[in-house]
Amino acid sequence: MLAALSVSSWAADTNLDQLLRTVENRYNRAKTLQVLFTEAYTKPRETKRTESGILMLRKPGRMRWDYSQPKGKLFISDGKSLYLYTPAENRAEHMKLQETDDMRAPLAFLLGNLKFQKEFQNLQGIPEGAGTRITAEPKKDNLPYSKVEFLVTAEGVIREVKVVSFDNSVLQFAFDQEKVNPPLDDKLFLFQPPKGVELVEAGQ
């Protein structure tokens, strides 16, 4: 029985390792990425917030979250800084990329060289439908989240990402219509505040 359990565990670990390499190969080879997203944010004792739009990524370090709901909202990284523009508040916030506690930041690893074993620990794979849900914990203890989950297909396509914060806040993304290496102009990742919009440093 012990031998059978050992073989079963080894097979599961081997399958997970193969799947992780498939995901890494897919995204590490991509120079740009475009995908539709639905974002759901849940915080204890607060109403669930759902938003959606299109996400564009370009290596190295650039991303643009262009929201259709709420319309006009932008979250942009130029590789060094992050900018969050909220039309309803008529203001834009600036923050350094390495200082942000925004829970979208875990997705920034897709902009670099994705290596699960380097970034995460306690990796596990659980079959879910036709895909696999990968659960992991960050190796660094200075990050604003305690757990990450990825729902991936056998082909290595990431369909969902779930980020759990230390205060039990949950930010979950569902992705659809992924395009690998679409042409994306550099200007998409440069933030220009609309006329009359106040630009402030985060926390002010």
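The values are calculated or read from the model by the stated rules, or taken from the named source; none is laboratory data. Keep in mind that this is a model prediction, so the values were computed, not measured. Please note: Cβ atoms are built from the backbone with ideal geometry, for glycine as well, and neighbour counts cover all protein chains shown. Areas reflect the complete protein model, heavy atoms only, side chains present, ligands, DNA and RNA absent. Shrake-Rupley method; radii C 1.70, N 1.55, O 1.52, S 1.80 Å.
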Among what's in region 176-204 and is farther than 18 Å from residue 77 by Cβ and assigned to a strand (DSSP E or B), pick the residue that is modelled with the lowest pLDDT. 198
Counted residues, region 140-173 - those being among the β-branched types (Val, Ile, Thr) and either part of a loop (DSSP other than H, G, I, E, B) or free of Cβ contacts under 8 Å to residues at least 24 places away in the same chain (or both): 3
Can you tell me how many residues within region 112-139 are assigned to a strand (DSSP E or B) and open to solvent by less than 70 Å² (accessible area, probe 1.4 Å)? 10
Among the residues of region 81-88, is any open to solvent by 40 Å² or more (accessible area, probe 1.4 Å), farther than 23 Å from residue 124 by Cβ and modelled with pLDDT under 90? yes
Do we find that residue 20 is open to solvent by 40 Å² or more (accessible area, probe 1.4 Å) and among the hydrophobic types (A, V, I, L, M, F, W, C) in this structure? no
Checklist (1) modelled with pLDDT of 90 or more; (2) surrounded by fewer than 17 Cβ atoms within 10 Å (Cβ to Cβ); (3) closer than 23 Å to residue 191 by Cβ applied to residue 42, failing item: (3)
Being farther than 20 Å from residue 27 by Cβ and not hydrophobic (A, V, I, L, M, F, W, C) narrows 194, 182 down to just 194
Subset of region 45-76 that is in contact with a Lys or Arg (Cβ under 6 Å, 6 or more places away or on another chain) and open to solvent by less than 20 Å² (accessible area, probe 1.4 Å) - its residue that is farthest from residue 175 (Cα to Cα): 76
Taking region 133-147 only, how many residues are at pLDDT 85 or above and among the charged types (D, E, K, R)? 4
